[in-house]
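See structure below.
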Amino acid sequence: MNESFVKSKINLSKEYPILAEKYFILIPLAKKNSKQSLITIILLGVMVILYFIFGRGNSENKIDKRQKEFRYNEIRYTDHAKCRMECRSIDVNEIKNILEKGKINYKKSDLKDKPCPSYALEGLSDDNHHIRVVVGNCDKEAVIITVVDLDQEHECDCN
């Protein structure tokens with residue numbers, strides 16, 4: 001064994017006994033193949049950078065996993081929601097579009113709501129109105145509780 005190597009192992013083992021075993025293996029490898037080690041480190045760095053650029057996907061297109069449940073559930077409209085939709089001239093296709101593509105506003109949602117947690121989904125209607133759809137995520141059923149046009153006040157008698 002090389003004398004300088006033995007000294008470095010002894011110094012490491014006194015100060016950092018757990019790390020000494022790791023460096024005991026890594027130090028000789030680095031000395032033998034320093035070019036190969038450098039290339040390996042560079043390739044790993046490039047792979048990490050590429051993963052962060054391309055591998056994670058676009059978060060804008062990701063749908064919250066809770067929202068996926070709404071998409072496959074049967075949709076039921078409460079009388080209140082039907083009244084609000086009629087008053088605001090919003091049809092069922094626009095509601096389905098919001099359920100599929102809208103974003104959950106957790107500040108307006110109530111995940112502890114009974115009998116079903118309610119989610120406030122927001123998105124744009126066909127005529128570019130900002131709409132909030134409050135949906136109850138019940139057993140295999142998406143219950144549309146209410147629909148709000150966030151751009152315009154409407155006089156509705158839906159109580």
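No lab work stands behind these numbers, since they all come straight from the coordinates. The model shown is predicted, which means the values in this text are computed figures rather than measured ones. Heads up, the Cβs are rebuilt from the backbone with ideal geometry, glycines too, and the neighbour counts pull from every protein chain shown.
Set the Förster radius R0 to 35 Å, insert the Cβ-Cβ distance between His130 and Arg76 as r into 1/(1 + (r/R0)^6), and round the FRET efficiency to 0.05.
On the way: r = 24 Å, r/R0 = 0.69.
Using R0 = 35 Å, I get an efficiency of 0.90.
If you build the Cα gyration tensor of region 65-149 and take the root of 5 times each eigenvalue, what three semi-axes come out, in whole angstrom, biggest first? It would help to have the intermediate numbers written out before the result.
Details: eigenvalues 66, 36, 29 Å².
After scaling each eigenvalue by five and taking roots: 18, 13, 12 Å.
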